[in-house]
Amino acid sequence: MKILAELDDGTIEVLAPKPFNLEVRLQELLEQHPELVLADLSDETDRSIWTIGWEVSTPAGSADLLMLDSTGRVWIVEAKLAANSEIKKQVVGQVLGYASCVADWGADDLDRVGTEYITRRVQTGHGSLIEYLADQLGDQADAQSLLNEASDKLAKGDLTALIVVDDAPPELRRLVEFVNANASFELLALKIQVFDNDDSKLFVPSVIGSVAASRQRGTRQVRERRQWDRQSFFEDLAANQPDAEAPMNELVDWVEAHPTIMPSWGSGSVLGSFIAWAPLDDSETDWISLFALNTNGRIAPTWRYRAVHMDQPWWDPMIGATAEISGVPQSHQRSKEWPAVRLQDPDLMARFKAIVEQTAKAARAAYRASRGDA
């Protein structure tokens, strides 16, 4: 694609792309402007995206960037320059290796990586990823719902692996289009060229791989986020997991009547959620999420997600107790999510409610201690 500029004298000049000298410059550009990865996609309307990780460690190596968009899709991003010999073949294997590792993650893993990035690298002033997302979305329930939806998508292998380059050789194009046309996940390449024009820079992105994929699977559509309420939540739950209706109804009733635990309904585009949370101070500015109910019939204890950082490992006893109730080993990767039907047992239901109340109490004590309050 040629980029043309009109000069002061009325003549037209063809602009020459300015090369990236270092891969880290391309990586930093994407980190600071993640919206570039959506710029050439036909379904990007009204979609937001945020960088939530830099040099993210996985068993397959370190992924350059981790991103999360407002539909709950996780993006694993690898930047390569044309001068790098890996751009032709190895980079596809690299990014797929990272994606295979991230696909095993849940919401707590995303929160851990994102919180480390938010608090240590970019230092936005937010104490956690949840707090940062709540600020971006305008509501803590939406932030929790977004992470729940991201976890649900990852469990289905629904993610995007993205290779970003300054030039795309034919070998890379063929590999990306072949994999993307035959895989359940999404593999794309994004070519970004930079042009100098007087005192400004022009960034021209072009996507590779989406055309082949759309022929095979149909064009991907971005679903609008919806605001869930009690009626829509339980209608969807009845269609998906009717056995979970009774225990989830009981938990919603319990939270709505509780004097110190607050209810919120999520706004996921596909997965409905109900979030129970507790304020840590009288202003309700600082808070802790306690658990989430999802329309897939599962419960997700969420007390690691909070608006502020607290050093004390106050949640460890709660994790162990919940593992006992859920029947899932504490060491299991997805011990945070378990079928709500287990709470049809009145004894387990009573024990779970007690753990939730103990968690809220322990969190408030840790919050006061972290601020030196008596």
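If you check Asp316 against the conditions, is it in the same structural domain as Pro263 (by TED's automatic domain parsing), surrounded by fewer than 13 Cβ atoms within 10 Å (Cβ to Cβ) and modelled with pLDDT under 85?
So Asp316 passes the test.
Among the residues that make up segment 299-312, is at least one of them at pLDDT 90 or above and crowded, with 18+ Cβ neighbours inside 10 Å?
Scanning segment 299-312 turns up no residue that is at pLDDT 90 or above and crowded, with 18+ Cβ neighbours inside 10 Å.
Looking only at residues in segment 257-274 that are modelled with pLDDT under 90 and buried (at least 24 other Cβ atoms within 10 Å of the Cβ), which one is farthest from Asp152 (Cα to Cα)?
Checking each candidate, the answer is Gly266.
Given the residues Gln136, Gln140, which is the only one that is modelled with pLDDT of 85 or more and either among the basic types (Lys, Arg) or not assigned by TED's automatic domain parsing to the domain that holds Glu28 (or both)?
None of the other options fit; the residue is Gln136.
Go through segment 70-119 and count every residue that is aromatic (Phe, Trp, Tyr) and at positive phi.
0
When both residues are 6+ apart or on different chains and their Cβ atoms are under 7 Å apart, which pairs have a first residue that lies in segment 52-69 and is at positive phi, and a second that is aromatic (Phe, Trp, Tyr)?
Short answer, once both residue conditions are applied: Gly61/Tyr98.
For segment 106-142, how many residues meet the condition of being farther than 22 Å from Ser267 by Cβ, touching a Leu at 6+ places or on another chain (Cβ under 9 Å) and among the small types (Gly, Ala, Ser)?
0
Within the set of pairs 6+ apart or on separate chains, which have a first residue in segment 184-202 that is exposed (fewer than 14 other Cβ atoms within 10 Å of the Cβ), a second that is part of a strand (DSSP E or B) and of a type outside the set (A, V, I, L, M, F, W, C), and C-beta atoms under 6 Å apart?
Close Cβ pairs (under 6 Å, with a partner that is part of a strand (DSSP E or B) and of a type outside the set (A, V, I, L, M, F, W, C)) amount to Asp196/Lys18.
Are any of the residues in segment 211-220 at pLDDT below 75, outside any helix (DSSP H, G or I) and either aromatic (Phe, Trp, Tyr) or more than 21 Å from the chain's Cα centre (by Cα) (or both)?
Among the residues of segment 211-220, at least one is at pLDDT below 75, outside any helix (DSSP H, G or I) and either aromatic (Phe, Trp, Tyr) or more than 21 Å from the chain's Cα centre (by Cα) (or both), which makes the answer yes.
Find all pairs meeting these conditions: Cβ atoms under 9 angstrom apart; at least six residues apart or on different chains; first residue within segment 92-108 and without any contact (Cβ under 8 Å) to a residue 40 or more places away in the chain and in the same structural domain as Lys80 (by TED's automatic domain parsing); second residue of a type outside the set (Lys, Arg) and part of a helix (DSSP H, G or I).
Qualifying pairs under 9 Å: Gln94/Glu86.
The values are calculated or read from the model by the stated rules, or taken from the named source; none is laboratory data. Here the structure is a predicted model, which means the values were calculated and not measured. Because the Cβ atoms are built from the backbone with ideal geometry, glycine has one as well, and the counts that use them run over all protein chains shown.
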